[in-house]
Amino acid sequence: MIFEERVDTKDICTIPNVLSFMRILLIVPFMIMFLYEKYVAAAIMIGVSGLTDCFDGFLARKLHQVSEFGKLLDPIADKLTLLAVGVAMCIMSPEIITIMVILIIKDILMIIGGSTLVKNKIKPPQARWYGKLGTILFYLSVCIIVVLKIADIQIPYLSLILLSITAVSMIFALVKYFLLFLELVKNAEENQVKKGE
């Protein structure tokens, strides 16, 4: 489907988009609390961020506030939050750096794919369940690791196992989104051919 709609101001100031903006703003206090080792406050910040991520898409559909701007803002908020949390987790547990590199590469590829669609005037797809699953698993893993850190409970390789599961789910999402990307490009090309006939 060709992306011909322009961003309207009323499409920016919607409840789902406010939640996405809130998710971006929460990054700053989260990092401050984490770096000052106020882990409970940091966990609350990331928990609230995770809730906004769960509800923004639901509310967008429920309130009929799905917008092209929101489709771009939501993944940007996700990726910025994941990057911030990833940096924080690497500071806490250096052994997960390799997994974080995989997750960052995946997000970079997603950004490139989305930018390519927009550049070619192809409407970006809405977030799919497999994309949200990876994000939810990431938040869940981080909360578990932080809570265990606060309680000073040592479980060998737990952070590695949790984030490995998250990495697998995100790689699965990347593959699925890549197939969707190819389908959208193919459909756009076919539409262009039909218009030229």
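The values are calculated or read from the model by the stated rules, or taken from the named source; none is laboratory data. Keep in mind that what you see is a predicted model, and the values were worked out from it rather than measured. For neighbour counting, all protein chains shown are included, and Cβ atoms are generated from backbone atoms with ideal geometry for every residue, glycine included. Note: areas computed on protein heavy atoms with side chains; ligands, DNA, RNA excluded. Shrake-Rupley method; radii C 1.70, N 1.55, O 1.52, S 1.80 Å.
T116 fulfils the conditions (1) touching a strand residue (DSSP E or B) at 6+ places or on another chain (Cβ under 9 Å); (2) closer than 16 Å to F138 by Cβ except for a single criterion, (2).
From the list I102, I136, I161, the one residue that fits, being more than 30 Å from H64 (Cβ to Cβ) and modelled with pLDDT of 80 or more, is I161.
In the range 28-44, the residues that are without any contact (Cβ under 8 Å) to a residue 24 or more places away in the chain and farther than 15 Å from T81 by Cβ form no Cβ pair under 8 Å with any partner that is surrounded by 15 or more Cβ atoms within 10 Å (Cβ to Cβ) and acidic (D, E), whether six or more places apart or across chains.
Residues that are at pLDDT 85 or above and either touching a helix residue (DSSP H, G or I) at 6+ places or on another chain (Cβ under 7 Å) or crowded, with 16+ Cβ neighbours inside 10 Å (or both) within the range 181-191 comprise F181, L184, listed in sequence order. Checked against the criterion of being among the basic types (K, R) and farther than 27 Å from L117 by Cα, the range 56-64 contains not a single residue that satisfies it.
Look at (1) buried (at least 16 other Cβ atoms within 10 Å of the Cβ); (2) at pLDDT 80 or above and you find that L35 fails only one, number (1). In the range 108-121 there is at least one residue that is more than 11 Å from the chain's Cα centre (by Cα), open to solvent by less than 70 Å² (accessible area, probe 1.4 Å) and aliphatic (A, V, I, L, M).
Considered as a group, the residues in the range 125-152 that are among the small types (G, A, S) and over 13 Å from the mean Cα position of the chain (by Cα) include one that is most open to solvent (accessible area, probe 1.4 Å), and that residue is A151. Quick check: anything in the range 64-71 open to solvent by 40 Å² or more (accessible area, probe 1.4 Å), part of a loop (DSSP other than H, G, I, E, B) and among the aliphatic types (A, V, I, L, M)? For the range 64-71, residues open to solvent by 40 Å² or more (accessible area, probe 1.4 Å), part of a loop (DSSP other than H, G, I, E, B) and among the aliphatic types (A, V, I, L, M): present. Just one of the listed residues (I76, I44) is more than 14 Å from the chain's Cα centre (by Cα) and modelled with pLDDT of 80 or more, and it is I44. Would you check if there is a residue in the range 72-84 being assigned to a helix (DSSP H, G or I), open to solvent by 10 Å² or more (accessible area, probe 1.4 Å) and over 21 Å from L109 (Cα atoms)? No: zero hits.
Out of L184, L180, L117, L163, one residue alone is within 18 Å of S49 (Cβ to Cβ) and among the aliphatic types (A, V, I, L, M). It is L163. In the range 153-175, of all residues being touching a residue at least 24 places away in the same chain (Cβ under 8 Å) and open to solvent by 80 Å² or more (accessible area, probe 1.4 Å), the one that is farthest from G131 (Cα to Cα) corresponds to I165.
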